[in-house]
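Asker: Take this structure, written in structure tokens, and hold onto it; I'll ask about it next.
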Amino acid sequence: MPAPKVAPDSSRRSETARRAILAAAFDLVGELGYAKLSIEGIAAAAGVGKQTIYRWWPSKGALLFDAFLALTTDGGQGGALPDTGDLAADLKLVLRDTVDELHDPRYDLPMRALHTEIVHDPALAADYATRLDGPVRELKKERLRAAQRAGQLAEDVDLDVAVDLIFGPLLNRWLQRTGPLTHGYADQVVDTALRGLRPREA
């Protein structure tokens, strides 16, 4: 006698649907651009109803943010910065990886769309700050704290300002397309920032 079929667990079905929606949103925004992205299109691509999407996300901006967050989390990003004892080399490695990511066609349009939406949606901006920017900023600051303890940075350096000085120029150049975004530029940013952040000679 064949074993009775067991209905899939509802939570498992929900997670499967959620992942399908996130993947569809990320893929479609890369194909169509944010302006043409619609909840209807995402629902059709994911094989779910619109109400399923609206039950979890209040807007396509919020959905896109979760899609981006899921991709970066699944990709293993968001861990501590490397600490080999050579601050300049570690920062250059991280910034070069950032340059490569910003040039990746799979990331470029979704990230531009997300940043544009953040400008116009205060709730999304707050969510982004709490769930992604804030935790990542703390990881960056922790690496700089280690450099302070090693005497590689001045003790009175404001670490929030230091993070902006080191990581801000790449994002600014990428968003505004003000110049080529290269590994060489990333290295220059690190060298220039660290000259101003190092302890003064006695």
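The values are calculated or read from the model by the stated rules, or taken from the named source; none is laboratory data. Keep in mind it's a predicted model, so treat the numbers as computed, not measured. Ideal geometry is used to build each Cβ from the backbone, glycine not excepted, and the neighbour counts take in all protein chains shown. We work out accessible area using only protein heavy atoms, side chains counted, and drop any ligands, DNA or RNA first. Shrake-Rupley method; radii C 1.70, N 1.55, O 1.52, S 1.80 Å.
Asker: Given the structure, is residue 39 of a type in the set (Val, Ile, Thr), under 17 Å from residue 121 (Cβ atoms), surrounded by 14 or more Cβ atoms within 10 Å (Cβ to Cβ) and at pLDDT 90 or above?
Answerer: Yes: the conditions hold for residue 39.
Asker: Looking at this structure, is residue 73 surrounded by fewer than 14 Cβ atoms within 10 Å (Cβ to Cβ), modelled with pLDDT of 95 or more and not aliphatic (A, V, I, L, M)?
Answerer: Values: surrounded by fewer than 14 Cβ atoms within 10 Å (Cβ to Cβ): yes; modelled with pLDDT of 95 or more: no; not aliphatic (A, V, I, L, M): yes.
It is false that residue 73 is surrounded by fewer than 14 Cβ atoms within 10 Å (Cβ to Cβ), modelled with pLDDT of 95 or more and not aliphatic (A, V, I, L, M).
Asker: Still on this structure, please answer the following. Using beta carbons and a limit of 7 Å, which pairs, at least six apart or on different chains, have the first residue in region 145-161 and modelled with pLDDT of 95 or more and the second one of a type in the set (Lys, Arg) and open to solvent by less than 50 Å² (accessible area, probe 1.4 Å)?
Answerer: Close Cβ pairs satisfying both conditions: 159/141.
Asker: What do you reckon, is residue 69 within 15 Å of the chain's Cα centre (by Cα), in a helix (DSSP H, G or I) and under 30 Å from residue 147 (Cβ atoms)?
Answerer: Yes, satisfied.
Asker: Does region 134-147 include one or more residues that are more than 29 Å from residue 110 (Cβ to Cβ) and outside any helix (DSSP H, G or I)?
Answerer: No: zero hits.
Asker: Here is a further query. Open to solvent by less than 50 Å² (accessible area, probe 1.4 Å) and not assigned by TED's automatic domain parsing to the domain that holds residue 61: which single residue out of 109, 87 fits that description?
Answerer: Result of the check over 109, 87: 87.
Asker: Continuing with this model, one more query. Has region 34-42 got any residue that is among the polar types (S, T, N, Q) and either assigned to a helix (DSSP H, G or I) or under 22 Å from residue 130 (Cβ atoms) (or both)? Spell out the reasoning first.
Answerer: Looking only at region 34-42, we keep the residues that are among the polar types (S, T, N, Q), and these are 38.
From the residues that got through so far, the ones that are either assigned to a helix (DSSP H, G or I) or under 22 Å from residue 130 (Cβ atoms) (or both) too are none.
No, region 34-42 contains no residue that is among the polar types (S, T, N, Q) and either assigned to a helix (DSSP H, G or I) or under 22 Å from residue 130 (Cβ atoms) (or both).
Asker: Here is a follow-up. Being of a type in the set (D, E, K, R) and open to solvent by less than 70 Å² (accessible area, probe 1.4 Å) is the filter here, so list the residues in region 150-202 that pass it.
Answerer: 160, 173, 187, 191
Asker: In region 81-128, which residues are closer than 18 Å to residue 170 by Cβ and of a type in the set (Gly, Ala, Ser)?
Answerer: Correct list: 88, 89.
Asker: Is it the case, given these coordinates, that residue 137 is open to solvent by 80 Å² or more (accessible area, probe 1.4 Å) and farther than 14 Å from residue 99 by Cβ?
Answerer: No, not satisfied.
Asker: Could I ask something else about it? All but one of (1) part of a loop (DSSP other than H, G, I, E, B); (2) within 16 Å of the chain's Cα centre (by Cα) hold for residue 152; state the number of the condition that does not hold.
Answerer: The number of the failed condition is (2).
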